[in-house]
Amino acid sequence: MKEEIKSVALTVRTLTMDAVQKANSGHPGLPMGCAELGSLIFGEMLKHNPRDPLWINRDRFVLSAGHGSMLLYSLLHLSGYELSLEDIKNFRQLQSKTPGHPENLLTPGVETTTGPLGQGFANAVGMAIAEVMLAARFNTPQHTVIDHYTYVLAGDGCLMEGVSSEAASLAGHLGLSKLIVFYDFNKITIDGSTDITFTEDVLQRFSAYGWQTLSGSAYDTDEILALVNQAKQEKGRPSLILLRSTIAKGSPHLAGSHKAHGAPLGNEEVALTKKALGVSESEMFYVAPEAKAYFQAKQKLWDKYYDEWQQLFKEWKQNNPELFNEWQKYFDGKNLPAITYPLYEVGDEVATRSSGGEILNATAKALPHFIGGSADLAGSNKTLLKGMGSFQKDNRTGRNINFGVREHGMGAAVNGIMLHGGLKVFCATFLVFSDYMRPAIRLAALMKLPVLYIFTHDSIFVGEDGPTHQPVEHLEALRVIPNLLVFRPADAQENVEVWKLACEHSSGPSVMAYTRQNLTVFVKSDPHWKENIKKGAYIVADSEGVPDVVLIATGSEVGLALEAARELNDLKVRVVSMPCRELFLQGPAAYREELLPDSAKKVVIEAGVSSGWHVITGGNGAMIGIDRFGESGPALEVAEHLGLSVLKIVQKVKEVGSI
Ligand SMILES: Cc1ncc(C[n+]2csc(CCOP(=O)(O)OP(=O)(O)O)c2C)c(N)n1
């Protein structure tokens, strides 16, 4: 095996050097430094099947240090995934399957999109959570249908990032023992040696988090396999295996240098390295025949594991028809019962966070695979799944995840849960703290993951907690993320309808922005509002004939708009509720024109920044928003102070209407 691993490692080095050189950009250092480790992961550790990259029970491998993508691409190619040598030659080219950083939607075998350091690590924590949850749900004493490891390769950068600390702390608390992280301890980052930045004892830190910590050399294959064995023996803690390594190992002049981190080695150095490795200098994209043969032989073993699992699954299915019925709900979306949503009547006074909590519980009651949690705000967010337990070390069937005060880690972990497959996940915090999860939200949108975000306390109407807790720019900041839908329902009835839309949005995440304060369920003048809300907006109250002014509002401001409209007797006023601007803008142009006639002035009312709303006002109207931070005080006084009272809205509309 040792000789074969050498040949695989050699091939990783040659492919990496040539691909980076040809693209004239990329990161040769990590793949060359971790070539042996990567070869062992793909050849000796992973139970996977390159012919079925989405096999549910495969071991997961996450390259958290995504800049080292050539490590992953070389090994995916060698081990038989659908990634040709031609693809490797197209490294970093437009629309290739080998983008600069790994993207799960582009390349078979890539488990998650990585590059923003630390995110992959935290995704892996989510994957390990999913594995444990699903194992508890489906395994029987006779049959272990869910049973896999999650391996991670993380560098100094990943472990410096706060997101990995949060996720590691959570993983330690939860005792995720099937999570095994390799730490590429090369002590090099972009700016030089970690002596200038990162001198803590990482192993001690992880030990304090509740991890088993191990260490060895990245070039001693026996030792690495023994350490992994030790990690697997540990049943109560995740494992961190620190491996001492040399960046760009094999390069005569650049090994150990930060210069090899993120730049081509240069033609001369590539030639010298090839020579040192015993490869012909003129040979480009050299693949050692022994490396190919090694993986071809491995495929037989993987087929064996795979077939054994298929057989096991078949038996399990025959013996447990009811469990299989459940399985189909989790993994295929089949046999799902209809959700019985709560009913709300006109005049009901209920905060959208409260109706949201009821809707959430109704959903969880019907969908057994619906799980999630809050970052220590379940009570305020109203997101507790009642009677469904807390997922803990000693309760793997709990469906509430207590993420603790760890929004960064939560955001990234839920991406991992979703990526794992089998579960539908939500997470929650205050809207103002969505900033703490923004990198993960962005990645969820990029990966088209249908995560549900429940963000409550959605405006200055939070009141006394003051500007630190009053979001103003957040709705807009979220709306600008491509492929993310932001819903801000105006009452409990709307909430039910937009929740359905969010759940149906299967190709990306959705935000539910909910109020802390009560909102009155209002009469909708449009008899087809439940149909029309699917287009992002609908008419709540209309004028006789073509309106002079259309008031467009979202969430809690729809109620204000309705009150203001009643005061504006001299004008023909229409009120439009727009719980999802993105859907409205993506929808049919004719509907947009119908709702917002060219001739009418448009006044948008939202307790947030005005930026972005010009697309609706179209230069013919105004925005009543909040282009500053809020203030601490009773909510209605703060709102009045910031121009969000009925009186002030009426004044503003009169000004606009008379122009
Ligand atoms: C969140 C984030 N910040 C910054 C970067 C830019 N960046 C890419 S690699 C890197 C250094 C990483 O060092 P290390 O993990 O030790 O990788 P190695 O040098 O060993 O390849 C930085 C700062 C990034 N990709 N993500």
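Since every read-out is calculated from the coordinates, none of them should be taken as a lab result. The shown structure was predicted, so the numbers you read here are calculated from the model rather than taken from an experiment. For neighbour counting, all protein chains shown are included, and Cβ atoms are generated from backbone atoms with ideal geometry for every residue, glycine included.
Length available on full extension from GLU637 to THR397: 0.36 nm per residue minus the Cα-Cα distance, which gives 81.8 nm. In this structure, LEU301 and ASP195 have a Cβ-Cβ separation that, at R0 = 30 Å, corresponds to a calculated FRET efficiency of about 0.10. Relative to the dominant Cα principal axis of the chain, helix 162-174 is inclined by about 80°.
Run the dipole for the chain about the Cα centre, Lys and Arg Cβ at +1, Asp and Glu Cβ at -1, nothing else charged, and hand back the magnitude in debye, nearest 20. In debye, rounded to 20, the chain gives about 1200. Take 85-94, 588-597 and order them by the average number of nearby Cβ atoms within 10 Å per residue, most first; the result is 85-94, 588-597.
Each Lys and Arg Cβ is given +1 and each Asp and Glu Cβ -1; about its Cα centre, the range 294-352 then shows a dipole of about 620 debye. Computed 3J(HN,Hα) for the range 118-129, one whole-Hz value per residue from the Karplus formula 6.51 cos²θ - 1.76 cosθ + 1.60 where θ = phi - 60°, is x, 5, x, 3, 6, 4, 5, 4, x, 4, 5, 4, glycine and proline marked x.
For THR107, neighbours were defined as the other residues whose beta-carbon sits under 14 Å from its Cβ, and their charges (Lys and Arg +1, Asp and Glu -1) total -3. Using every pair of distinct Cα positions in the range 537-659, the Kirkwood expression returns a hydrodynamic radius of 14.4 angstrom. Bridgeable lysines around LYS259 (alpha carbons under 16 Å apart, same-chain partners fewer than 8 residues away excluded): LYS187, LYS249. Take the convex hull of the alpha carbons in the chain; its mean projected area over all directions comes to 30.6 nm².
Report, in degrees rounded to the nearest 10, the 0 to 90 angle that the Cα long axis of helix 352-366 makes with the longest principal axis of the chain. Result, in degrees: 50. Determine the sum of side-chain charges near ALA338: Lys and Arg each +1, Asp and Glu each -1, restricted to other residues whose C-beta is under 12 angstrom from that of ALA338. Taking every other residue near ALA338 into account, the sum is +2. Under 5 Å from the amide H of GLY621 lie the amide H atoms of LYS602, each residue being 5 or more positions distant or on a separate chain, with H modelled from the backbone and absent for Pro and chain starts.
Lysine pair count for the range 1-99 (Cα-Cα distance under 20 Å; residues 8 or more apart in sequence or on different chains): 4. Calculated on the alpha-carbon coordinates, the convex hull of the range 495-605 measures out at 105 cubic angstrom per residue.
Projecting the Cα atoms of PRO489, LEU449, PHE313 onto the dipole axis of the chain, where Lys and Arg carry +1 and Asp and Glu carry -1 at the beta carbon, places PHE313 farthest toward the positive end.
Under 5 Å between amide hydrogens, built in the peptide plane, is the criterion, and for LEU519 it picks out VAL350, ALA351, THR352 among residues at least 5 positions away or on other chains. Only lysines eight or more places from LYS652 in sequence, or on another chain, were considered; those with a Cα closer than 23 Å are LYS572, LYS601, LYS602.
Computed over the chain, the per-residue total of -39500 (n - 2.57) for DSSP H runs of n ≥ 4 gives a 222 nm mean residue ellipticity of -12500 deg cm²/dmol, rounded to 500. In whole angstrom, note down how far apart the Cα centers of the range 287-304 and the range 142-169 are. Spelled out, the Cα-based centre of one part sits 27 Å from the other. Considering only GLY66, PHE42, GLY100, the residue lying farthest towards the positive end of the dipole of the range 19-135 is GLY100, judged by Cα position with unit charges set on Cβ.
Principal-axis analysis of the Cα atoms of the chain puts helix 2-23 at an angle of about 50° to the longest axis.
Counting only residues at least eight positions apart within a chain, or on another chain, the aspartates and glutamates with an alpha carbon under 16 Å from that of LYS235 are GLU131, ASP147, ASP394. Among THR11, HIS469, MET623, flag the residue with its Cα farthest along the positive direction of the charge dipole of the chain, charges on Cβ as +1 for Lys/Arg and -1 for Asp/Glu. Toward the positive end, the furthest listed residue is THR11.
In order along the range 333-338, the Karplus-derived 3J(HN,Hα) couplings, from 6.51 cos²θ - 1.76 cosθ + 1.60 at θ = phi - 60°, round to x, 9, 6, 7, x, 5 Hz, and Gly and Pro are given as x. Calculated FRET efficiency, VAL546 and VAL650, Cβ-Cβ r, R0 22 Å, to nearest 0.05? The pair VAL546/VAL650 has a calculated efficiency of 0.55. Checked against a 32 Å cut-off, the cross-linked pairs LYS317/LYS534; LYS178/LYS274; LYS329/LYS530; LYS232/LYS382 give Cα-Cα distances beyond that limit for LYS317/LYS534; LYS178/LYS274; LYS232/LYS382. FRET efficiency for the SER257 to PHE629 pair, using the beta carbon distance and R₀ = 56 Å, is estimated at 0.75.
For a modelled paramagnetic label at SER380, 7 Å from Cα along Cα-to-Cβ, the residues of the range 405-447 in reach, with backbone nitrogen under 12 Å, are 405, 429-434. Each part gets one Cα centre, and for the range 305-351 versus the range 210-230 those centres are 39 Å apart. Structural descriptor for the range 554-659: relative contact order 27 percent, calculated from alpha carbon pairs under 8 angstrom and at least 6 residues apart. Just check the range 90-185 against the gyration tensor rule for me: Cα atoms, a ≥ b ≥ c as the square roots of the eigenvalues, rounded for a/c under 1.5, and otherwise prolate or oblate depending on whether a/b exceeds b/c. Because a/c hits 1.5 or more and a/b fails to exceed b/c, the range 90-185 counts as oblate.
A cut-off of 5 Å between modelled amide H atoms, ignoring neighbours fewer than 5 places along the same chain, links VAL576 with VAL540, LEU551, ILE552, ALA553. Electrostatic bookkeeping for GLU36 treats Lys and Arg as +1 and Asp and Glu as -1; over the other residues with beta carbon under 9 Å from its beta carbon, the sum is +1. Once each part is reduced to its C-alpha centroid, what is the distance from the range 496-555 to the range 583-624 in angstrom? Answer, in whole Å: 14. For the pair GLN328/GLU464, report the inter-label distance in nm, with labels modelled 7 Å from Cα in the Cβ direction. Inter-label distance under the simple model: 5.4 nm.
Dividing the mean sequence gap of close Cα pairs (under 8 Å, 6+ apart) by how many residues the chain holds gives a relative contact order of 11 percent. With contacts taken as Cα pairs under 8 Å at a separation of at least 6 residues, the range 195-337 carries a relative contact order of 12 percent.
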